């Protein structure tokens, strides 16, 4: 959802020279919003669904930052980029779609995240169910080598979601 992506990007401090990777980028909305902040860095999106990548590229064609955003087909567990190459990795309502590959996807995010980089996970509506479901989700993320620095439930402009900002543990 474009509104959620815009709100998320607005809330994040992103340096102009950041290297941003969006895992499960869908239509590329988050990257298009991030382009306003990332004027000298790189913006790369990956989605496992070829049709979504096609739609993202179509929407990007008329965008002012079209020449600065790359979008390719790839699943979360096989990102075709070098290690330590991202300052910010986004998973905006895509984590649950990683399916059986969530642990491998988290390992891949950890591989590409540079020292001091952040991993932002957004789930529409938060984690469904009880506090146990939320705790299980956080445990998965922590078991993969991340520390949750911030967790925020956001309800604005007709959307509700939870955002977790994580960093790699030492």
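For every residue, the table says whether it meets (1) without any contact (Cβ under 8 Å) to a residue 60 or more places away in the chain; (2) surrounded by fewer than 24 Cβ atoms within 10 Å (Cβ to Cβ); (3) under 21 Å from residue 75 (Cα atoms); (4) under 11 Å from the mean Cα position of the chain (by Cα).
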| site | (1), (2), (3), (4) |
| --- | --- |
| 5 | no, no, yes, yes |
| 10 | yes, yes, no, no |
| 14 | no, yes, no, no |
| 18 | no, yes, no, no |
| 21 | no, no, yes, yes |
| 28 | yes, no, yes, yes |
| 33 | yes, yes, no, no |
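Looking at 57, 32, 51, 44, just one residue is within 23 Å of residue 164 (Cα to Cα) and assigned to a helix (DSSP H, G or I), and that residue is 32. Considering (1) over 29 Å from residue 155 (Cα atoms); (2) touching a strand residue (DSSP E or B) at 6+ places or on another chain (Cβ under 6 Å); (3) part of a loop (DSSP other than H, G, I, E, B), the lone condition that residue 70 does not fulfil carries the number (3).
Considering only residues that are more than 20 Å from residue 114 (Cβ to Cβ) and in contact with a helix residue (DSSP H, G or I) (Cβ under 8 Å, 6 or more places away or on another chain), which ones fall in region 9-23? First the steps, then the outcome.
First pass over region 9-23, keeping only residues more than 20 Å from residue 114 (Cβ to Cβ): 10-11.
Passing the criteria: only 10.
Residue check: residue 65 meets all listed conditions (1) modelled with pLDDT of 95 or more; (2) more than 25 Å from residue 147 (Cβ to Cβ) but one, namely (1). With respect to the conditions (1) touching a helix residue (DSSP H, G or I) at 6+ places or on another chain (Cβ under 8 Å); (2) assigned to a strand (DSSP E or B); (3) surrounded by 21 or more Cβ atoms within 10 Å (Cβ to Cβ), residue 117 lacks only one, and its number is (1).
Being surrounded by 12 or more Cβ atoms within 10 Å (Cβ to Cβ) and free of Cβ contacts under 8 Å to residues at least 40 places away in the same chain narrows it down to one residue among 112, 148; which is it? Don't jump to the end; show me each part of the working.
Numbers: 112 fails: free of Cβ contacts under 8 Å to residues at least 40 places away in the same chain.
Among 112, 148, only 148 is surrounded by 12 or more Cβ atoms within 10 Å (Cβ to Cβ) and free of Cβ contacts under 8 Å to residues at least 40 places away in the same chain.
From the set of residues in region 75-97 that are more than 14 Å from the chain's Cα centre (by Cα) and at negative phi, which is surrounded by the most Cβ atoms within 10 Å (Cβ to Cβ)?
Just the residues of region 75-97 that are more than 14 Å from the chain's Cα centre (by Cα), to begin with: 78, 80-85.
From what's left, at negative phi: 78, 80-83, 85.
Details: 78: 12, 80: 10, 81: 18, 82: 9, 83: 12, 85: 16.
Of everything passing the filter in region 75-97, 81 is surrounded by the most Cβ atoms within 10 Å (Cβ to Cβ).
Would you point out which residue out of 133, 169 is surrounded by fewer than 20 Cβ atoms within 10 Å (Cβ to Cβ) and in contact with a strand residue (DSSP E or B) (Cβ under 9 Å, 6 or more places away or on another chain)? Even if it seems obvious, please write down each step before you answer.
Working: 133 fails: in contact with a strand residue (DSSP E or B) (Cβ under 9 Å, 6 or more places away or on another chain).
Exactly one of 133, 169 is surrounded by fewer than 20 Cβ atoms within 10 Å (Cβ to Cβ) and in contact with a strand residue (DSSP E or B) (Cβ under 9 Å, 6 or more places away or on another chain), namely 169.
Only residues that are modelled with pLDDT under 95 and out of contact with any strand residue (DSSP E or B) (no Cβ under 9 Å at 6 or more places or on another chain) were counted in region 78-103, giving 6. Being in contact (Cβ under 8 Å) with a residue 60 or more places away in the chain and under 18 Å from residue 29 (Cβ atoms) is a property that does not hold for residue 66.
The values are calculated or read from the model by the stated rules, or taken from the named source; none is laboratory data. None of the values given here were measured: they were computed from a predicted structure. Quick reminder, even Gly has a Cβ in these numbers, built from the backbone with ideal geometry, and neighbours come from all protein chains shown.
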